[in-house]
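Quick notes on the structure that follows.
Derivation of every value follows stated rules applied to the coordinates shown; laboratory data play no part. If you're wondering where the values come from, they're calculated on a predicted model, not measured in any experiment. All Cβ positions, glycine included, derive from the backbone under ideal geometry; neighbour counts span all protein chains shown.
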Amino acid sequence: MVLFELLISYGMMGLFIIALISSIIPIPTEPVVFGLLDVGKKPELVLIILAIGSIAGAYIGYLLGKYELRKLIPFHDRKKELMMQIQFRRYGALLLLVSPWIPIVGDLAPMVAGIENYESKRFLLVISVAKTIKCIGIIYLSIKVIDWWTPFIKL
């Protein structure tokens, strides 16, 4: 909790940092979003910063997969590698659209897209849509929880 309190104290910069990191390794952004909304930050600004940080983090994961992890994962069978790339090109967009909602494993989808040489422009388009939808959901639910919880705190 100390980490989240520290990030909340940094405001929007803390939100950007946690959004960036959480797209590569599984760290929840929700406590920071909730904390910032609770102290009166504008939901629109929180949404923009959260979305930009999440998309940038996913792109970093994609680049790590494309240029670093690809070197570490040896493919001995060129035929199997091509088959995997074809399958990822066919179903990759669907995987990337749902990946932000899959805990822990979903953070690996951008790296897998990079390893499979998924087209970068298409990746950015699909992941931007997916991350933005998730960010809208997080903001909306956080606002609803704050609205529901506030009367109980004032008692």
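Any of 42/131; 66/121; 42/134; 41/121; 121/144 with alpha carbons more than 23 Å apart? Name them for me. Going by Cα-Cα distance, 41/121; 121/144 fall outside the 23 Å limit.
The alpha carbon centroids of segment 3-45 and segment 71-138 are separated by 25 Å. Here's the picture: charge each Lys and Arg Cβ at +1 and each Asp and Glu Cβ at -1 in segment 111-155, and of 126, 140, 112 the one pushed furthest to the positive end of that dipole is 140.
Taking the chain as a Gaussian network of alpha-carbon nodes connected by springs under 10 Å, the highest mean-square fluctuation of the residues 145, 33, 126 belongs to 145.
Give me the net charge of residue 55's neighbourhood, meaning all other residues with Cβ under 13 Å from the Cβ of residue 55; Lys, Arg count +1, Asp, Glu -1. Here the count lands on +2. Measure nothing fancy, just the Cα-based angle from helix 12-22's long axis to the longest principal axis of the chain, in degrees from 0 to 90, nearest 10. Approximately 40 degrees, to the nearest ten.
If you put +1 on each Lys and Arg Cβ and -1 on each Asp and Glu Cβ, how big is the dipole of segment 36-155 around its Cα centre, in Debye rounded to 20?
Numbers: 16 positive and 9 negative charges, 59 e Å.
So the dipole magnitude of segment 36-155 works out to roughly 280 debye.
Among residues other than residue 106 with Cβ under 11 Å from its Cβ, the summed charge is +1 (Lys and Arg +1, Asp and Glu -1).
Relative contact order for segment 2-153: 29 percent, from Cα pairs under 8 Å spaced at least 6 residues apart, divided by residue count. Shown is the FRET efficiency for residue 10 and residue 146, computed with R0 = 22 Å from the Cβ-Cβ distance and rounded to the nearest 0.05: 0.60.
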